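The values are calculated or read from the model by the stated rules, or taken from the named source; none is laboratory data. Quantities reported herein were computed from a predicted structural model and do not represent experimental measurements. Using ideal geometry, Cβ is built from the backbone for each residue, glycine included, and neighbour counts are taken over all protein chains shown.
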Amino acid sequence: MELEDSVEAFYYVILILRIYDLTLSKNPYK
Amino acid sequence: MLYPDSNRRINDINDLANLFKVKGHLQTSKGISSFVKIQHGKKIPSNFLKKLDQLFTICEGEFAATTTIGQTYRKTCFQEIKAIIFSAISRTYPKFGQHMLAIYPFVKRLRQGREITGTIADWMDPKKIKDKNLRAYLACFAHLIIVEGLFDELARILYYFVELTKGNSVSVDDLEKTNVWKIQRKIKPTPIFLRKWREKKYIRNAIGHAQFYFDPRTNTIRFVNIQEKTGKVTYDKTLNFSSLNWPWNWKIL
C-alpha cells in the first residue's frame, strides 16, 4: 500500500531533479 | 570524463537508479541509468533537458500506475508538484541547492510524519490486522497526521517554491507562522491535496475530539463536528470506508 500520494510525488520529483544537478552543476556536493 | 569528480557522480546516479528499482519503478530506473553515459562524454548533449523531461514523464506514469485506485489523483499530484518546483529551479538556478537547505527543517518534519503513516499503511492489510474497528481507527489516526503533519508541511514547502518563482524568498520564521488557509490563497491553482481543505479539517477535528463512529456492518464512518461555544453542528457526514482506500479516498477529494 502506498504512502500519502502528494508527499511521495514530492520526493520523486526531488530525487529525479538530482540528475539535473549531477549533470549540470559544477559542484553538486557543495 | 565530463567532470573531475564524474566517478562520484556516476555512483550517485546508479544509487538513484537502484532506489527506483527497489520501489518497482523499473522504467524510471532504466531512464536514470541512461544519464551515466553523459558523465563519460566530453560535453552535455543539447537534448539533455528534453531527455530529463522524458524521464519525468516515465516516472509520472509509473508513479500513477502503482495503485489501481486514485491514479488520476496521483498523476495530478505529480504534475502540480513538478510544475512548481521546475519553475522555482529555472528562476533560481544555480542557487536552488541553497533554497533546498533552507527548507530542510520542513522536509525533515515531512519525513517524520511520513514514517508514521508509512508504518500504518504497511499494517492496513486485512491479513495483518483482522479487526475492522482497529483498521478504521488507524485510518482515522493516519488522516489526522496527514492533515496536520504532512499536508501543512508540504503546503509550506510548495509555498516557499511558489514565492521563489516570483523572485521572493520567504524566511523560515514567516514560513513557520503561516498556515494552509493563507497558503491556499497564494498558490493558484490550489494543489489537489489542498482542495476541500475545510472538509478535511472538519474530519480531522471529529477525529481529534473522538466524534466519529465506525459501523463495521456498513463499512462507513460518521464524522461529526460541533462548535464548542454554540453547540451548533457544523459537519455531519457518513463516508464509506475501505481498508484498501486511504482517507484521501473518502470521496472528499
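Considering the conditions (1) of a type in the set (Gly, Ala, Ser); (2) surrounded by fewer than 15 Cβ atoms within 10 Å (Cβ to Cβ); (3) touching a Phe, Trp or Tyr at 6+ places or on another chain (Cβ under 7 Å), B:ALA65 is excluded by exactly one of them, (3). Test B:THR76 against the stated conditions and say whether it is within 22 Å of A:ASP5 (Cα to Cα), of a type outside the set (A, V, I, L, M, F, W, C) and either touching a residue at least 24 places away in the same chain (Cβ under 8 Å) or within 10 Å of another protein chain (Cβ to nearest Cβ) (or both). For B:THR76, the condition - within 22 Å of A:ASP5 (Cα to Cα), of a type outside the set (A, V, I, L, M, F, W, C) and either touching a residue at least 24 places away in the same chain (Cβ under 8 Å) or within 10 Å of another protein chain (Cβ to nearest Cβ) (or both) - is met. Residues of region B:220-227 include at least one that is farther than 23 Å from B:ALA136 by Cβ and out of contact with any Cys (no Cβ under 6 Å at 6 or more places or on another chain).
Among helices (runs of 4 or more DSSP H) entirely within region B:1-107, having at least 1 residues that are polar (S, T, N, Q) and within 19 Å of the chain's Cα centre (by Cα) singles out B:26-33, B:48-64, B:71-92. One residue stands out among those in region B:97-121 that are of a type in the set (D, E, K, R) and free of Cβ contacts under 8 Å to residues at least 40 places away in the same chain: the one that is farthest from the other protein chains (Cβ to nearest Cβ), which is B:LYS108. Just one of (1) under 24 Å from B:GLU153 (Cα atoms); (2) away from chain A (no Cβ under 11 Å) fails for B:ALA83. It is (2).
On the stretch given as region B:111-142, residues that are under 19 Å from A:ALA9 (Cβ atoms) and either in contact with a Ser or Thr (Cβ under 6 Å, 6 or more places away or on another chain) or of a type outside the set (A, V, I, L, M) (or both) total 8. When you check B:GLU148 against the structure, is it modelled with pLDDT under 95 and either within 14 Å of chain A (Cβ to nearest Cβ) or touching a Gly at 6+ places or on another chain (Cβ under 7 Å) (or both), yes or no? Against the criterion (modelled with pLDDT under 95 and either within 14 Å of chain A (Cβ to nearest Cβ) or touching a Gly at 6+ places or on another chain (Cβ under 7 Å) (or both)), B:GLU148 qualifies.
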